[in-house]
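Below is one structure; the comments refer to it alone.
Readers should treat all values here as calculations from the given coordinates under stated rules, not as data from a laboratory. Just so it is clear, the model here is predicted, and its values are computed rather than measured. Cβ coordinates were reconstructed from backbone atoms using ideal geometry, including for glycine residues, and neighbour counts include every protein chain displayed.
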Amino acid sequence: MSITKADDYPIHQISKPVSEVGSERNFYDRYFFNGYSKNDDIYFGAVLCVYPNLNIMDGSFTLAYKGKQYNSRASRILNLERLETEVGQLKVEVIKPLKKLKVSLNDIENNFEADLTITGKFEPMREPQMQLYDGPRLIMDTCRLTQQGSWSGFIKINGEKIDVNEKDFVGTRDRSWGVRPVGAYDSQPVAPFNMPQFYWLWAPFHFDNIAAHVYFIDKANGLSDTVLGVIQGPDYKNEFELHNVEKKVSYAPKSRRIESMIISALDKNGNNIEMTIDCGTKVFMCGLGYMHPEWGHGHNKGDFAKHFDEYNLNEDPGDPPYLHIQALSNAVLKIADKTYHGRGVLEQLILGAHEPSGFVDLFDKP
């Protein structure tokens, strides 16, 4: 395998060039970003990912604004060079590792531009390792760091400019890598067939001078495989993991959309913590490639390909590829006798059975 630019950096994981990541075809290495206004229904997101063993890089940028979601997508051949984090009209730059990154979009033909910088408000946190199996086969084994930050820069769409400043725009970025289903479907699935099941809630939120991050991965019986609750801020010496984290979920009628959620937990001193989330504007993650039938992650689109499309946010099909969403949400956080008001997202992907919710089939909506 060829020597590449990355080999000049001390980042090797095995006794091979950096371009080699073992034998797993589904290895991936991804940047994810979201940002939103504290006061208005403005949301933007971006992903850029490399798939070393597929030799593909792809990415997309999305903006939810005034009832529409605009999606700019791109894909290219990786050519082994993992440090050239630019695909078509989209570029990601690490300005200061673990502190400041830049996202640029230059989709001139669709009147869509962005120049945005995220600066971390707190140190990145490492989420628990995620491992999922299909029968005996390990289909997901990922490591993720998540960081809360503030945004600055601008977005232009159809001649209108949105000024983004650190006072009014916050968000979250994550870096994840490992193995997950990407690219073409497996030509020989595990036998016998098992109905897919995945219950995923991911909720990073910003408050005055603190941030909270909570997520759940549930089994079909409702028990949680993984639960994380973290608060960051000066009162907690930058990071504190919550205990006894539980949730109470309310769905919109005849849907898998969560309208509100109450999270209860304890802090290190045994104080009660409660966070109430009220969901608002729904942003479709297929705009960033998730579950998209044509522009899904890791699909071979050739040496250079790009695509632009729009969604009407006033319509919600509620089924694939629109099942996976991030809901722009308001929250109230109570810690002992203190109350904080904040803004964030509740990411939702609910596939298959979930007994407490009354879901028994792949996409049913009782």
Shape parameters for region 218-366, alpha-carbon atoms, Rg then Dmax in Å: 18.1, 58
With charges set only on the Cβ (+1 for Lys and Arg, -1 for Asp and Glu), what does the dipole of region 111-218 come to about its Cα centre, in debye to the nearest 20? 200 debye
Shape call for region 280-366 from the C-alpha gyration tensor, a ≥ b ≥ c root eigenvalues: rounded (a/c under 1.5), prolate (a/b greater than b/c) or oblate? oblate
So who's got an amide H within less than 5 Å of the one on N271, skipping anything under 5 residues away but keeping other chains? H placed 1.01 Å off N, in plane. none
Please state the relative contact order of region 1-58 as a whole percent: Cα pairs under 8 Å, 6+ residues apart? 28 percent
Among V47, T119, Y70, flag the residue with its Cα farthest along the positive direction of the charge dipole of region 24-145, charges on Cβ as +1 for Lys/Arg and -1 for Asp/Glu. T119
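From Cα pairs below 8 angstrom and at least 6 apart in sequence, can you work out the relative contact order of region 182-258, rounded to a whole percent?
Normalised by residue count, the contact order of region 182-258 is 17 percent.
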Apply the Kirkwood formula to region 45-108: the hydrodynamic radius equals the inverse of the mean of 1/r over all pairs of different alpha-carbon atoms; give it in Å with one decimal. 12.6 Å
Region 18-140: translational diffusion in µm²/s, Stokes-Einstein, Kirkwood Rh over Cα pairs, 10 °C, 1.306 mPa s: 97 µm²/s
Determine the distance separating the Cα centre of region 3-21 from the Cα centre of region 307-354; give it in Å without decimals. 38 Å
Shape call for region 157-254, from the Cα gyration tensor axes a ≥ b ≥ c (a/c under 1.5 means rounded, otherwise prolate when a/b beats b/c, else oblate), comes out oblate
Over all directions, how big on average is the projection of the convex hull of the alpha-carbon atoms in the chain, in square nanometres? 18.5 nm²
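Per the Kirkwood definition applied to all pairs of different Cα atoms, how many angstroms is the hydrodynamic radius of region 259-315?
15.4 Å
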Amide H contacts under 5 Å for E239, restricted to residues at least 5 apart in sequence or on another chain and with H modeled in the peptide plane, are G233
Would region 106-201 count as rounded, prolate or oblate if I go by the C-alpha gyration tensor, calling it rounded below 1.5 in a/c and otherwise prolate when a/b exceeds b/c, oblate otherwise? oblate
Stokes-Einstein diffusion coefficient of region 1-88, Kirkwood radius over Cα pairs, 25 °C, 0.890 mPa s, in µm²/s: 166 µm²/s
Relative contact order, percent, of the chain when contacts are C-alpha pairs under 8 Å separated by at least 6 residues? 16 percent
